[in-house]
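K.L.:
Below are the structure tokens for one structure; questions will follow.
What follows is calculated from the coordinates using simple rules that are stated; it is not laboratory data. Small disclaimer: the values here were computed from a predicted structure and weren't measured. No Cβ is skipped: glycine too gets one built from the backbone with ideal geometry, and neighbour counts run over all protein chains shown.
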Amino acid sequence: MIEVENVSKLYPNEKGVSEISFSLKKGEILGLLGPNGAGKTTTMRIITGYLYPSGGSVRVGGYDLFEQPLAVRRQIGYLPEIPPLYPEMNVQGYLEFVAGLKGVPKQAVAKETARVVEITGLGDVRFQLIGSLSKGYKQRTGLAQALLNSPPVLILDEPTVGLDPKQIIEIRNLIKSLAQEHTVILSSHILPEVNMICERVIIMDQGRLVAMDTPEGLSHQINKGQRVEIEVRGEREAITGLLQSIPELNDWSYGGEVKNPWGTEAQPNHKYIVTSQSPSDLRARLFSAFAQAKLTILEMRSANLSLEEIFLRLTTQEHVEEGQAPGQAEERPEASAAGAERSSKGGNGE
Amino acid sequence: MKGVMVIMRRELASYFLSPIAYAVTAVFILLYGLFFSGIVLGFGVANLEYTFSNMVVVLLFMAPLMTMRTLAEEKKTGVDELLMTAPISTGHFVFGKFFAVCVALLSMMALTVIHFLIVRHYAAPDWGPIVTSLFGLFLAGVSFLAVGIFTSSLTDNQIISALFSFGILLFFWLVDWMAEAVGGKTGELLGNLSLIKHYEDFNKGILDSSHIIFYLTMTAIFLFLTVRQLESRRWK
């Protein structure tokens with residue numbers, strides 16, 4: 001449905017996007033994920049034809065963006081980052097205007113606007129001036145506009161920004177239900193959101209495509225080894241010493257102290273995150289090692305990376321190499337604390 | 001063609017919802033009435049041509065105010081992202097905007113009909129020059145509006161847009177004086193570019209196709225430039 005090939009957009013000073021390629025089948029939901037300034041909006045603007053790429057090609061529904069721009073635009077419903085609204089019009093008048101722009105036949109306009117008003121829950125404010133609407137209703141009006149004339153492709157730039165939690169859930173469910181008939185690309189910097197809605201995720205950073213996979217696939221891709229979280233009772237030095245003596249471990253980090261919830265023990269428990277490339281189950285190895293050392297494991301669970309951690313890993317790698325770790329430390333205090341006490345075996349870092 | 005109508009209808013509705021429309025119309029009518037009564041009472045002639053020749057200058061100042069928001073405001077509020085990704089060609093879009101301000105100009109000029117009735121009631125004026133003057137005024141106004149739409153596409157600031165079109169229009173007006181100073185072939189060429197000079201014949205009751213073509217060419221050039229300017233934004 002959508003084919004993006006080697007698309008670049010160069011700006012004289014700032015970063016645009018470079019060499020982005022991906023394709024999307026009918027009915028898929030793709031999430032574009034990345035920090036602000038990663039190039040998500042630019043990528044979406046290129047697909048919608050608002051911007052032309054400096055290089056590469058875009059095809060939507062089989063039409064080339066350069067050869068048949070109007071045919072491409074007819075396929076797309078677009079909700080920009082700032083909803084494109086006229087404050088002096090009322091919702092109904094605005095939707096009728098957009099329906100006209102999209103070439104909805106005159107007889108069908110009333111029915112079509114009623115349909116999108118129904119879907120987006122705008123019934124109560126239908127005849128209010130857009131300028132007087134709350135942010136959430138403005139966002140919905142923007143979404144309603146994108147849905148007019150049922151375009152096969154929906155491109156939604158940060159569709160849930162500025163909404164309250166209840167509205168966010170509604171809009172997410174709405175987008176999910178739309179995916180049955182539409183192909184959807186949405187951008188977000190909220191990770192759980194993308195995880196929840198999207199079947200495929202593209203992670204962007206500084207204009208480049210860093211990774212593309214299903215949310216689960218990304219987890220596997222990053223986290224090749226096993227990752228286990230343990231909570232242990234005992235002296236911290238003893239535990240650290242024991243961990244260093246286990247050859248199968250590739251890396252471990254200290255996860256902080258945990259107060260015993262029943263208060264009978266004076267000493268706090270300690271949390272660790274342990275990773276290993278070993279083919280055998282790490283949990284069994286840890287159990288026997290700690291049992292031999294007479295250290296009690298209170299809790300142990302395998303912990304694969306959440307999408308949020310993957311995202312941080314992928315997009316902060318470069319910053320760490322450039323020595324900008326402090327910025328990262330703010331976001332992940334536990335990681336930097338662990339860094340101070342990292343074992344000598346710690347190879348792969350963050 | 002349907003796209004042109006959709007854009008035009010919305011633009012007109014929006015124009016007449018804005019206070020600018022009424023301020024511009026009020027000042028226009030006020031000045032018109034002032035010139036009219038001054039000339040008719042002062043000289044005691046049943047003549048509207050003098051009034052019209054003054055009104056061209058008034059229009060030169062009004063047109064930029066009518067057009068300044070047409071494209072600049074949408075660029076600022078981000079609505080251009082909807083319009084530039086809608087399945088409508090940029091040419092149709094610009095035409096829609098242009099026709100809307102033309103209709104607004106017509107509606108403003110239509111209010112001057114009362115002065116014809118006054119003249120007709122008290123005297124027997126020569127209708128020929130009045131009709132050609134009115135026609136010329138409209139043609140000149142249309143070319144001013146095209147300039148204004150072009151400058152509105154250059155910026156997202158309405159004030160700057162209005163200033164730019166004042167600049168361009170005043171240049172094409174004063175080019176007449178420059179022409180006299182330069183003289184010779186160059187002077188003649190410059191003189192032919194003058195927006196005001198081409199109006200003079202209309203005012204005398206002469207319908208010369210060269211003047212009509214001049215204004216229409218000006219209009220076409222600036223509308224074409226607007227389309228190019230909007231298209232070039234996609235490359236930025």
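K.L.:
Report, in degrees rounded to the nearest 10, the 0 to 90 angle that the Cα long axis of helix B:49-77 makes with the longest principal axis of chain B.
P.N.:
Computed tilt is about 10 degrees.
K.L.:
Compute the signed sum of charges (Lys and Arg +1, Asp and Glu -1) over the other residues within less than 9 Å, Cβ to Cβ, of residue A:295.
P.N.:
Summing Lys/Arg as +1 and Asp/Glu as -1 gives +1.
K.L.:
Rounded to whole Å, give me the distance from the Cα center of segment A:11-74 to that of segment B:101-151.
P.N.:
Spelled out, the Cα-based centre of one part sits 48 Å from the other.
K.L.:
Tell me, B:138, B:164 in order of fewest to most beta-carbon neighbours within 10 Å?
P.N.:
B:138, B:164
K.L.:
To the nearest 10 degrees, how steeply does helix B:158-182 sit against the main Cα axis of chain B, on a 0 to 90 scale?
P.N.:
In chain B, helix B:158-182 runs at an angle near 50 degrees to the longest axis.
K.L.:
Same structure, new question: In a Debye calculation with equal point scatterers on the alpha-carbon sites of segment B:121-190 and no solvent, what is log10 I(q)/I(0) at q = 0.18 Å⁻¹?
P.N.:
Once normalised to I(0) and log-transformed, intensities are -0.84.
K.L.:
Assign one of three labels to segment B:165-228, namely rounded, prolate or oblate, based on the Cα gyration tensor with a ≥ b ≥ c the square roots of its eigenvalues; rounded applies when a/c is under 1.5, prolate when it is not and a/b is larger than b/c, and oblate otherwise.
P.N.:
oblate
K.L.:
Mind listing which trypsin sites (Lys or Arg not before Pro) in segment A:38-135 are in a DSSP loop and have 16 or fewer other Cβ atoms within 10 Å?
P.N.:
A:126
K.L.:
Scan segment B:19-121 for GluC sites (Glu not before Pro) in coil per DSSP, keeping those whose Cβ has at most 16 other Cβ atoms within 10 Å, and list them by number.
P.N.:
Qualifying residues, ordered by number: none.
K.L.:
Here is a further query. If you bin the C-alpha pair distances of chain B every 5 Å from 0, what whole percents do you get?
P.N.:
1, 7, 13, 17, 18, 15, 12, 9, 5, 2, 1, 0, 0
K.L.:
Next up: Where the Cα atoms of segment A:84-146 are projected onto their three principal axes, how long is each span, largest first, in whole Å?
P.N.:
In descending order, the Cα extents are 30, 21, 18 Å.
K.L.:
Let me ask another. Do any chymotrypsin sites (Phe, Trp or Tyr not before Pro) in segment A:1-88 lie in a DSSP loop with no more than 14 other beta carbon atoms within 10 Å, and if so, which?
P.N.:
Sites meeting the loop and neighbour criteria: A:66.
K.L.:
Which entries of B:2/B:75; A:138/B:97; A:102/B:76; A:102/B:75; A:25/A:106; A:25/B:75 have Cα-Cα distances beyond 27 Å here?
P.N.:
Where the Cα-Cα span goes over 27 Å, the pairs concerned are A:25/A:106; A:25/B:75.
K.L.:
Okay, next question. For segment A:173-195 and segment B:13-61, what is the separation of their C-alpha centers, rounded to whole Å?
P.N.:
A separation of 56 Å, based on Cα centres.
K.L.:
What does the helix-only formula give at 222 nm for the protein assembly as shown: each DSSP H stretch with n ≥ 4 adding -39500 (n - 2.57), the total divided by the residues, and the result rounded to the nearest 500 deg cm²/dmol?
P.N.:
Taking each H run of at least 4 residues, the total per residue is -18500 deg cm²/dmol.
K.L.:
Here is a follow-up. Which whole number gives the average count of other chain Cβ atoms within 10 Å of the Cβ atoms across peptide B:71-84?
P.N.:
Across B:71-84, the average partner-chain Cβ count within 10 Å equals 5.
K.L.:
What is the log10 of I(q)/I(0) for the protein assembly as shown, computed with the Debye formula using one identical point scatterer on each Cα and no solvent, at q = 0.08 Å⁻¹?
P.N.:
Results for the protein assembly as shown at q = 0.08 Å⁻¹ read -0.72.
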